[in-house]
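Chemist: Structure below; questions to follow.
The values are calculated or read from the model by the stated rules, or taken from the named source; none is laboratory data. It should be emphasised that the depicted structure is a prediction, and the values quoted were computed from it without experimental measurement. Glycine gets a Cβ as well: all are built from the backbone with ideal geometry, and neighbour counts include every protein chain shown. All accessible areas refer to the heavy atoms of the entire protein, side chains included, with ligands and DNA or RNA removed. Shrake-Rupley method; radii C 1.70, N 1.55, O 1.52, S 1.80 Å.
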Amino acid sequence: MLARVLSASVVGIDAYVVQVEADIASGLPQFATVGLPDAAVKESRDRVLAAVRNSGFHFPHRRVTINLAPADRKKEGSAFDLPISIGILVATEQVELHRPEQAILLGELSLDGILRPVHGVLPIALAAIREGIEAVIVPRSNAREAAIVQGLKVWPADSLREAVTILESDGEPPAFSVDMQQAFRQAAAYEVDFADVKGQQNVKRSLEVAAAGGHNILMLGPPGSGKTMLARRLPTVLPAMTLEEALETTKIHSVAGLLKTDEAIIATRPFRSPHHTISDAGLIGGGAYPRPGEVSLAHNGVLFLDELPEFRKNVLEVMRQPMEDGTVTISRAATALTYPARFMLAAAMNPCPCGYFGDPHHECTCSPPQIQRYLYKISGPLLDRIDIHVEVASLPYDHMIKAPTGETSEVVRERVNRARDVQLARFKDKQGLYCNAHMQSKHIRKYCKLEPGADAIIDAAIRRLGFSARAYDRILKVARTIADIEGADLIGAAHLAEAIQYRSLDRSYWS
């Protein structure tokens, strides 16, 4: 006998509906799965056999064929355990479905029939709505994730037996629901605040400018000066996430398996800080079947690279394309996937191997050739893609013993929001352009108008410091952001002077 149930599979950060067909035929006992299954799907045979028997059902001693349609797209993961089991039970007439075409079934089965959570439930739930499917049956641990999709009935189950009960019931099973607004508010709270940082007013100002314009930033200073502490607080001054951004970010983390079981949605800006031993595939994504890397997990948030020169050169160079395009494409022989990767880069480094070059309180033990080799690990093209370079000095003792007196993240974020509102109004007719950091040359010529006489300052700086053409564009972008913070229509001399200050650090060390 033949039975059909619905399931789904994830490709990239999107999903598509899969029809699971189970056929029970006469012949020697055999269990075959077709339709381009990966190893995890093929291994479901033993899990399904044990789960069906241990749930009180009979597993047929006949020829069992499972087809996953469409058969020309690769299927992966353990989420097909539940639909395969239900299909076999329906085909052997042990279960009678009252709503066979109305629900997508997802879940990994343990040997005793208990349902375990799976990855990618949010994109699958969105695909169900898109295809007009009214409900999903998921493991209870995934119920909150699926329930944030409005208009979808979510029926959680703890076991194969409970899933069968839901499908056989004559009435409408009670659906799991989440208060979307409350879940969004609860998830939007940060654990750290700008007010925790003592001193470092110039660095705080540079982070505010970076947040207001979406600019990449490099902090250079001796060990213990607070670079990591400042970077961790950068997401707290970024504009609050919109629902669209939150859903897209949650989809990426769901596919990567990083969404917590009690977490319905990610409503705070992501902060990713990979170790400097990471590979290029770990940073931009990859694998036999591509998975999102750190640049995609930091989408709509901050990617923090501590000890920047310690990263391998090839790892840093592959990051240049995502920084420019906001996406990363991973190509394999069988498939090519594109992941979003619109992030702010925050990097930190020491000025030399020992960390104390230029520090007035410590003597540097590095030789000039050692310092040059250390600094030249960061290529010029990568530096030109980092809009703001700022020096972080050691904190004096009298500042350490004082209580924090700086502004809170909420106060700084209000100024950032006002500057972002100006930019959104400016770029309202430009698709894909939301902040000054994303401007291209044609936009810079149109929107970065200077006050009379201000061009003399940038002309003198370029002649003396030898900035590249890309660095010139970065200076104008940052100056435009500073003018937006101040509420100015034209870029003035003071705005340019501050922007050049944030750009001159690389020349003072690298020249």
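Chemist: In segment 51-70, which residue that is among the aliphatic types (A, V, I, L, M) and over 37 Å from the mean Cα position of the chain (by Cα) is surrounded by the most Cβ atoms within 10 Å (Cβ to Cβ)?
Modeler: V64
Chemist: Another one. Considering only segment 461-501, state which residues are within 34 Å of the chain's Cα centre (by Cα), over 22 Å from L424 (Cα atoms) and open to solvent by 10 Å² or more (accessible area, probe 1.4 Å).
Modeler: Within segment 461-501, F467, S468, A469, R470, Y472, E498, I500, Q501 qualify.
Chemist: Over 23 Å from V34 (Cβ atoms) and either buried (at least 19 other Cβ atoms within 10 Å of the Cβ) or without any contact (Cβ under 8 Å) to a residue 24 or more places away in the chain (or both): does that describe P117?
Modeler: yes
Chemist: Output the helices (runs of 4 or more DSSP H) that fall wholly within segment 222-310 and possess 3 or more residues being at negative phi and charged (D, E, K, R), or say none. Please lay out each step first, then the result.
Modeler: Numbers: elements: 227-232, 243-255, 280-284, 294-297.
In segment 222-310, 243-255 are the helices (runs of 4 or more DSSP H) which contain 3 or more residues that are at negative phi and charged (D, E, K, R).
Chemist: Criterion first (in a loop (DSSP other than H, G, I, E, B), among the hydrophobic types (A, V, I, L, M, F, W, C), in contact with a Leu (Cβ under 9 Å, 6 or more places away or on another chain) and surrounded by 21 or more Cβ atoms within 10 Å (Cβ to Cβ)) does V90 satisfy it?
Modeler: It is false that V90 is in a loop (DSSP other than H, G, I, E, B), among the hydrophobic types (A, V, I, L, M, F, W, C), in contact with a Leu (Cβ under 9 Å, 6 or more places away or on another chain) and surrounded by 21 or more Cβ atoms within 10 Å (Cβ to Cβ).
Chemist: For the subset of segment 58-85 comprising residues that are outside any helix (DSSP H, G or I) and in contact with a Leu (Cβ under 6 Å, 6 or more places away or on another chain), which member is modelled with the lowest pLDDT?
Modeler: K74
Chemist: Restricting to segment 312-367, give me the number of residues that are free of Cβ contacts under 8 Å to residues at least 40 places away in the same chain and acidic (D, E).
Modeler: Final tally of qualifying residues: 2.
Chemist: Which pairs do you get when a residue that is more than 13 Å from L496 (Cβ to Cβ), found in segment 430-457, comes within reach of a residue that is assigned to a loop (DSSP other than H, G, I, E, B) and of a type in the set (D, E, K, R), reach meaning Cβ atoms under 7 angstrom, with the pair 6+ apart or on two chains?
Modeler: Close Cβ pairs satisfying both conditions: A437/D387.
Chemist: While we're here: So the check is Cβ under 7 Å with 6+ separation or different chains; which pairs have a first residue in segment 225-241 that's in contact (Cβ under 8 Å) with a residue 40 or more places away in the chain and within 17 Å of N350 (Cα to Cα) and a second one that's of a type outside the set (V, I, T) and in a loop (DSSP other than H, G, I, E, B)?
Modeler: S225/A393; S225/S394; S225/L395; G226/Q200; G226/L395; K227/G221; T228/D306; L230/Q200
Chemist: Which count do you get for residues in segment 427-436 that are in contact with a helix residue (DSSP H, G or I) (Cβ under 9 Å, 6 or more places away or on another chain) and surrounded by fewer than 19 Cβ atoms within 10 Å (Cβ to Cβ)?
Modeler: 5
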